[in-house]
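The values are calculated or read from the model by the stated rules, or taken from the named source; none is laboratory data. Since this is a predicted model, take the numbers as computed values, not measurements. Glycine also receives a Cβ, built like all others from the backbone with ideal geometry; neighbour counts cover every protein chain displayed. Areas reflect the complete protein model, heavy atoms only, side chains present, ligands, DNA and RNA absent. Shrake-Rupley method; radii C 1.70, N 1.55, O 1.52, S 1.80 Å.
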Amino acid sequence: MTALRTMVLWCPDWPVVAAELVEGVPATDPVAVLHANRVVACSEQARAGGVRRGLRRREAQSRCPRLTVVAHDPARDARAFEPVVAAVEELVAGVAVVRPGMCAVPARGPARHLGGEEVAAERIIEHVAQACAVESQVGIADGEFAAGLAARTGQAVPPGGTPQFLADQPVEALGRPALADLLRRLGMCTLGDFATLSPGDVLARFGADGALAYRLAMGRDHRPLAVRRPPVDLTVTADQDEPLDRVDAAAFVARALAERLHDRLAAYGLACTRLGIEAVTAHGQELHRTWRHDGLLTAAAIADRTRWQLDGWLSGGRSGAEPVRPTAGIVRLRLVPDGVVALGALQPGLWGETGEERDRAHRALSRIQGLLGPEAVVTAVLGGGRSPADQARLVPWGDERLSARPGSPTSGQPGEPPWPGRLPPPAPAVVLPEPLVATVHDAVEEPVVVSARLAVSAAPAWLTIGAGRPVAITGWTGPWPVDERWWDPAEARRRARFQVCLADGVALLLAVEGGRWLVEASYD
């Protein structure tokens, strides 16, 4: 069986090109991409300066002092290559991504549709250059392996000529450095030399991986292409002839757009959990915001969040010296389902946690938000922090319940080390919104002072809160010091905390800061 006639598109020095596309590093300068302190890719200018793949960082920089070093990032390479694959899919179907910077398609379809293999290759190269501003080369041969090698020189190998084409390739083309080194030490420098061995000897001497490399060297690449399924475009867009500069008009457009998005997702059996809202003004200003949700976004919830965001943009305000309100009306509104799940992925429970009562409450609270705004209904989220006031924050109902301060308020959870300086349990029952000023005296009615070295001048004996009467302290423990943000004089805070029990049975959390005693919380 002959190998499938294959067309491979290859973008030279793709890690360098991806660094330019994503991070703005000029690919026309001497650039090297490093992984594990070795060069894995470099630009043409870097090669002219003597930089080669495999060199260590110090040697590469000594050869080319103007070298710009970029860390290897496979995710960045794959992300930047996605538009190239999408451009190829606009002309041909059945694209298989070999790796970032290289993709393959069966040659038969493009050849018949575009008027021949070489004509199809030229059309694909030209289209990728126009759509993505990326240089590429196409190789055509029998099998993906041979076509990938042919793409290095932009060559079209005639049908049946793949074994002869491969015979002159060096053994390093197999992409197996250990095998290539062993073959060279055995006197076999090309794939043609390797192909002269018998299959049984290859399997016995080099194992299963060597046998697979032998089949590639023989031009017997029978692996089917791993054709990818193009992602569905779920984005919905509304273009306006007249710029939208009023919230009510924008809200009307947002509701219709939300219905379209919800219907499109439902047609594919999907639901949205994270919504991206994008807007373009008449002056070309681009606005973007992502709304996260703890459950499934209904059409009404999508419309509400879009209206809230448009209200925030169009109503404006000021953030520092920069105006938040856009300089012109909105001419394009786009909703992007940034996070989607299958509709069956979040099923309502039979009892309790996600039953009918929860759904009714969710609809009621969402309705209140729709009338009064997202901040009208909030829930508490526990997180990290050293004091009780830092360990909880309020988030709007329906938003993802993620803490802004990593770490759990209860130490010892897997993967969440306790905060240094956190108060020991039990946690206080009531945290005062504003601490109360107090005074603490010892047994001889002298003020208790805590030094910079956390030395307590005397045992606390009496507590007076505000203008109240003194209450005897029957037990106390501490101090627990807190020295936060010492590097920022404007936000630096240094204090010591105490837990005390009073004669009337009340337990309090006290703090002394700047010589003042404060009551922060109380215990049950």
Open item on the list: Testing residue 412 on (1) at pLDDT 80 or above; (2) loosely packed, with under 14 Cβ neighbours inside 10 Å, one condition comes back false. Which one is that?
Closed with: (1)
Open item on the list: For residue 22, only one of the following conditions fails: (1) surrounded by fewer than 24 Cβ atoms within 10 Å (Cβ to Cβ); (2) in a helix (DSSP H, G or I); (3) in contact with a strand residue (DSSP E or B) (Cβ under 8 Å, 6 or more places away or on another chain). What is its number?
Closed with: (3)
Open item on the list: Every residue in the range 149-162 that is open to solvent by less than 10 Å² (accessible area, probe 1.4 Å) and touching a residue at least 24 places away in the same chain (Cβ under 8 Å), please.
Closed with: 150, 151, 162
TODO: Specify the residue that is modelled with the lowest pLDDT; the eligible residues are those in the range 230-250 that are out of contact with any strand residue (DSSP E or B) (no Cβ under 8 Å at 6 or more places or on another chain), open to solvent by less than 80 Å² (accessible area, probe 1.4 Å) and closer than 30 Å to residue 89 by Cα.
DONE: 230
TODO: Would you tally the residues in the range 463-494 being over 13 Å from residue 423 (Cα atoms) and touching a Pro at 6+ places or on another chain (Cβ under 9 Å)?
DONE: 5
- [ ] List every residue pair whose Cβ atoms sit under 8 Å apart, with the two residues 6 or more apart in sequence or on different chains, where the first one lies in the range 208-224 and is at positive phi and the second, anywhere, is open to solvent by less than 70 Å² (accessible area, probe 1.4 Å) and of a type in the set (Asp, Glu).
- [x] 219/142
Open item on the list: Return the residues of the range 426-461 that are loosely packed, with under 12 Cβ neighbours inside 10 Å, at pLDDT below 85 and part of a loop (DSSP other than H, G, I, E, B); say none if nothing qualifies.
Closed with: 426, 429, 452, 453, 454
TODO: Using the structure shown, decide if residue 220 is closer than 30 Å to residue 106 by Cβ, surrounded by fewer than 17 Cβ atoms within 10 Å (Cβ to Cβ) and of a type outside the set (A, V, I, L, M).
DONE: no
Open item on the list: Can you pull out every residue in the range 40-79 that is in a loop (DSSP other than H, G, I, E, B) and basic (Lys, Arg)?
Closed with: 52, 53, 66
TODO: Determine which member of the set 202, 253, 227 is open to solvent by 20 Å² or more (accessible area, probe 1.4 Å), among the β-branched types (Val, Ile, Thr) and in a helix (DSSP H, G or I).
DONE: 253
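Residue-wise test of (1) over 30 Å from residue 365 (Cα atoms); (2) touching a helix residue (DSSP H, G or I) at 6+ places or on another chain (Cβ under 8 Å); (3) polar (S, T, N, Q).
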{"position": "236", "(1), (2), (3)": "no, yes, no"}
{"position": "247", "(1), (2), (3)": "no, yes, no"}
{"position": "251", "(1), (2), (3)": "no, yes, no"}
{"position": "254", "(1), (2), (3)": "no, yes, no"}
{"position": "258", "(1), (2), (3)": "no, yes, no"}
{"position": "264", "(1), (2), (3)": "no, no, no"}
{"position": "275", "(1), (2), (3)": "no, yes, no"}
{"position": "290", "(1), (2), (3)": "no, no, yes"}
{"position": "298", "(1), (2), (3)": "no, yes, yes"}
